[in-house]
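The values are calculated or read from the model by the stated rules, or taken from the named source; none is laboratory data. Since the structure is predicted, the reported quantities are computational estimates derived from the model, not experimental observations. Cβ atoms come from the backbone with ideal geometry, glycine included; neighbour counts cover every protein chain shown. Note: areas computed on protein heavy atoms with side chains; ligands, DNA, RNA excluded. Shrake-Rupley method; radii C 1.70, N 1.55, O 1.52, S 1.80 Å.
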Amino acid sequence: MRNVSEVIEQYLKQIIQQSTDGIVEIQRNELADQFACVPSQINYVISTRFTLEKGFVVESKRGGGGYIRIQKIELNAHGSILDHISKTISSHIDQNASEGLLYQLEENGYLTPREAAMARSAISRDVLVLKLPLRDEIRAKILKAMLISLLSR
């Protein structure tokens with residue numbers, strides 16, 4: 001049985017996919033009522049599963065008539081993929097952000113599951129047993145090199 005966070009995530013991804021422009025606007029309280037959960041559960045799902053690293057831009061307006069807008073970033077041109085990678089990684093990247101980026105590239109078909117798994121293994125904090133911030137700097141260099149190599153086929 002899936003938990004409520006997974007159900008909400010799948011629902012939001014489905015309505016984003018069905019939208020013509022890859023954008024959905026939701027009312028947090030209405031969505032919470034629909035799934036019989038507290039509004040903070042909606043915040044949790046959005047903040048952890050709809051991140052920039054996973055290919056989403058989230059914008060919110062608070063107050064009466066406020067909304068949360070979620071937009072899927074489409075990586076359809078080779079140049080935009082490499083540009084997105086450069087912006088996401090920069091000179092350092094933490095493990096969560098790197099895993100999110102790999103998830104996004106795998107989900108969009110730019111990496112095979114095996115390639116993504118190999119990259120995750122190579123940049124894991126269990127492998128890069130270094131102190132911060134050096135670990136995040138080394139992770140960024142390794143990840144950039146791997147992705148440029150894999151995506152330049």
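Residues in the range 1-16 that are closer than 14 Å to Phe56 by Cα and either buried (at least 16 other Cβ atoms within 10 Å of the Cβ) or in contact (Cβ under 8 Å) with a residue 12 or more places away in the chain (or both): Glu9, Leu12, Lys13, Ile16. Can you say whether Ile68 is among the aliphatic types (A, V, I, L, M) and either touching a helix residue (DSSP H, G or I) at 6+ places or on another chain (Cβ under 6 Å) or not in a helix (DSSP H, G or I) (or both), as far as the supplied structure shows? Against the criterion (among the aliphatic types (A, V, I, L, M) and either touching a helix residue (DSSP H, G or I) at 6+ places or on another chain (Cβ under 6 Å) or not in a helix (DSSP H, G or I) (or both)), Ile68 qualifies.
For first residues located in the range 113-141 and open to solvent by 70 Å² or more (accessible area, probe 1.4 Å), partners that are small (Gly, Ala, Ser) and modelled with pLDDT of 95 or more and lie 6+ apart or on another chain with Cβ distances below 9 Å form the pairs Val127/Ser121. For the range 133-153, a residue qualifies if it is assigned to a helix (DSSP H, G or I) and farther than 19 Å from Leu52 by Cα, and the qualifying residues are Leu134, Arg135, Glu137, Ile138, Lys141, Ile142, Ala145, Met146, Ile148, Ser149, Leu150, Leu151.
Please go through the range 102-132 and give me each residue that is of a type in the set (Ser, Thr, Tyr), within 20 Å of Ser80 (Cα to Cα) and not in a helix (DSSP H, G or I), ordered by number. If the condition is that a residue be of a type in the set (Ser, Thr, Tyr), within 20 Å of Ser80 (Cα to Cα) and not in a helix (DSSP H, G or I), then Tyr110, Thr112 are the ones that fit. No other residue among Val24, Val57, Val45 is crowded, with 17+ Cβ neighbours inside 10 Å, hydrophobic (A, V, I, L, M, F, W, C) and either assigned to a strand (DSSP E or B) or in contact with a strand residue (DSSP E or B) (Cβ under 6 Å, 6 or more places away or on another chain) (or both) apart from Val24.
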